[in-house]
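**Student:** Take this structure, written in structure tokens, and hold onto it; I'll ask about it next.
Nothing in this text is a laboratory measurement; each read-out follows from the coordinates by a stated rule. Not measured: the values here are computed from a predicted model. Every residue, glycine as well, gets a Cβ built from its backbone with ideal geometry; the counts of neighbours run over all protein chains shown.
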Amino acid sequence: MTATVHHLFPYLDAERLDDAARLRKEAEALLAEYKQKRTDAEKEAAAIVAHAKTDAEEYAAETRRKLAESLERRTRQAEQKIIDDATVIPTFWPVTHTLVKSCVKNLPSAALVIPKYRYVEIKDD
């Protein structure tokens, strides 16, 4: 091949052709090295993206779990507050007699009528 190239380009001597061949081999090796680096970088980037997706999914699952726990805790707190603040409501209707403290005012006394407890007042003596 050297003879053919030398025949086509007689002004090129063997030393220059050897240098050119050496430089070409170095360039090809450098190109192969950078192609390998690019492939490695792409693999590393893919691994980073996969790891980030996994972390994001774990974070989302943890956040959903914490939100569910928070909602459950707040629901229990609200229910307890309702229970703690609730007024006692009688669950039976008196048949004949009603015993009432003197501090209770405006309690309906009709036995056959459902009493309207919203008008009942409890006052300190």
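**Student:** Count the net charge of all other residues whose Cβ sits under 13 Å from the Cβ of Thr75, scoring Lys and Arg as +1 and Asp and Glu as -1. If you can, show how the numbers build up before the last one.
**Tutor:** Working: positive: Arg73, Arg74, Arg76, Lys81; negative: Glu69, Glu72, Glu79.
Result for the local shell: +1.
**Student:** Further question on the same structure: Straight-line reach from Lys37: which lysines have a Cα under 25 Å away, not including same-chain ones fewer than 8 places off?
**Tutor:** The qualifying lysines are Lys25, Lys53.
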